[in-house]
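Undergrad: Dumping the structure here so I can ask a few things about it.
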Amino acid sequence: MSWSSPTSSPGDPYYTLPNEWGFADERLALLGAAYDSGSIALAQRLGVNAGSRCLEAGAGGGSFARWLCSVALPGGRVLAVDADPRHLADLPGLGGEVAQLDLVTGDIPERAFDFVHTRFVLLHIADRDIVLERLVRALVPGGVLMLEEGDGLGVLDEMSGAFGEVWRAFACSTEIAGASQSWARSLPAQLEALGLVDVHAEAEIPMFRGGSPMARMWNLTWVQTHDTLVTLGIPPEVIAAAQAELEDEQQWLYAPPTVRAWATAPV
């Protein structure tokens, strides 16, 4: 099935899932519940510990930034930045710092951090390559950049049922807004081209049961993007069928892969 462009112009990018939506805090909390364990396990492997100076770029709901505060402080630093930091108000009470920041044009400190992290952020930014260069410059010598971004990697086209149909329309809506569902696969080569060393990458296909935190997160995503999906040609009854699949605890579903890439600034 093909989809037509919504009324928003591709030349005027917008964020598909703005943080001011009434249930954004719940959706972001579910995203954290679905993905934090993998993010934390890799960050621990990469040596984040007491005293680490950390930048969380595009902190969203703040669950990973809260974990950083619990590990790096006291003695380290946790700076969480987001274009809309409304869900990060508790971080200063944990010892963290919060800044409202446009990652493309805002002031990102250079050579200041031992650990820099993003999760499902850069793929949504049209000037993502500029931001990537700026994040590399934020590292101290020996600092680690850890990126987690979504990428279709062929899986998107194979997703079945109403959930797959709605997901493909959602992917189209994000690309109209300036995102790229095929950019993350290039991250290892990009990190090497930017001069980082010890480059590694992996891709994981998330498989999950209906009713799980990940299923509930996607259900809320379809609620938030319902009107855009309809504008793209998805009938409301198909969206409802996708939501029913996500609520069915007997269903197992999968989503496009998460690409994780990490590398070190040379000493």
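The values are calculated or read from the model by the stated rules, or taken from the named source; none is laboratory data. Everything numeric here is computed off the predicted structure, so don't read it as measured data. Every residue, glycine among them, receives a Cβ derived from its backbone with ideal geometry; neighbour counts consider all protein chains shown. Protein only, heavy atoms only, side chains kept; ligands, DNA and RNA dropped before computing areas. Shrake-Rupley method; radii C 1.70, N 1.55, O 1.52, S 1.80 Å.
Undergrad: Check A169, A203, A215 and return the single one that is over 27 Å from D107 (Cα atoms) and part of a strand (DSSP E or B).
TA: Details: A169 fails: part of a strand (DSSP E or B); A215 fails: part of a strand (DSSP E or B).
Going through A169, A203, A215 in turn, the sole match is A203.
Undergrad: Can you tell me which of (1) surrounded by fewer than 19 Cβ atoms within 10 Å (Cβ to Cβ); (2) farther than 19 Å from A261 by Cβ; (3) under 19 Å from the mean Cα position of the chain (by Cα) is the one I40 doesn't meet?
TA: Checking I40 against (1) surrounded by fewer than 19 Cβ atoms within 10 Å (Cβ to Cβ); (2) farther than 19 Å from A261 by Cβ; (3) under 19 Å from the mean Cα position of the chain (by Cα), the one that fails is (2).
Undergrad: Another question, if that's okay. Quick test for you: out of I239, I234, pick the one residue that is open to solvent by less than 50 Å² (accessible area, probe 1.4 Å) and part of a helix (DSSP H, G or I). Show your work before the answer.
TA: Details: I234 fails: part of a helix (DSSP H, G or I).
Exactly one residue qualifies, and that residue is I239.
Undergrad: Kindly indicate whether P256 is in a loop (DSSP other than H, G, I, E, B), at negative phi and open to solvent by 60 Å² or more (accessible area, probe 1.4 Å).
TA: Numbers: in a loop (DSSP other than H, G, I, E, B): yes; at negative phi: yes; open to solvent by 60 Å² or more (accessible area, probe 1.4 Å): no.
Against the criterion (in a loop (DSSP other than H, G, I, E, B), at negative phi and open to solvent by 60 Å² or more (accessible area, probe 1.4 Å)), P256 does not qualify.
Undergrad: Among the residues of the range 123-160, count how many are part of a helix (DSSP H, G or I), modelled with pLDDT under 95 and surrounded by fewer than 18 Cβ atoms within 10 Å (Cβ to Cβ).
TA: Adding up the residues that qualify gives 3.
Undergrad: Which residue pairs have Cβ atoms under 9 Å apart, sit 6 or more places apart or on different chains, and have a first residue in the range 200-223 that is at positive phi and in contact (Cβ under 8 Å) with a residue 12 or more places away in the chain and a second that is not hydroxyl-bearing (S, T, Y) and not in a strand (DSSP E or B)?
TA: G211/L246; G211/E247; G211/D248; G211/E249; G211/Q251
Undergrad: Return the residue satisfying two criteria in turn: it lies in the range 79-103 and is part of a strand (DSSP E or B), open to solvent by 50 Å² or more (accessible area, probe 1.4 Å) and not acidic (D, E), and of such residues it is nearest to C54 (Cα to Cα).
TA: Going residue by residue through the range 79-103, those that are part of a strand (DSSP E or B) are 79-82, 97-100.
Going one step further and asking which of them are open to solvent by 50 Å² or more (accessible area, probe 1.4 Å), we end up with 97-98, 100.
Those still in the list that are not acidic (D, E) too: 98, 100.
Details: V98: 12, Q100: 16 Å.
Out of the qualifying residues, it is V98.
Okay, residues lined up against (1) under 24 Å from G142 (Cα atoms); (2) part of a helix (DSSP H, G or I):
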{"site": "Y35", "(1), (2)": "no, yes"}
{"site": "A41", "(1), (2)": "yes, yes"}
{"site": "G47", "(1), (2)": "yes, no"}
{"site": "G61", "(1), (2)": "no, no"}
{"site": "A65", "(1), (2)": "yes, yes"}
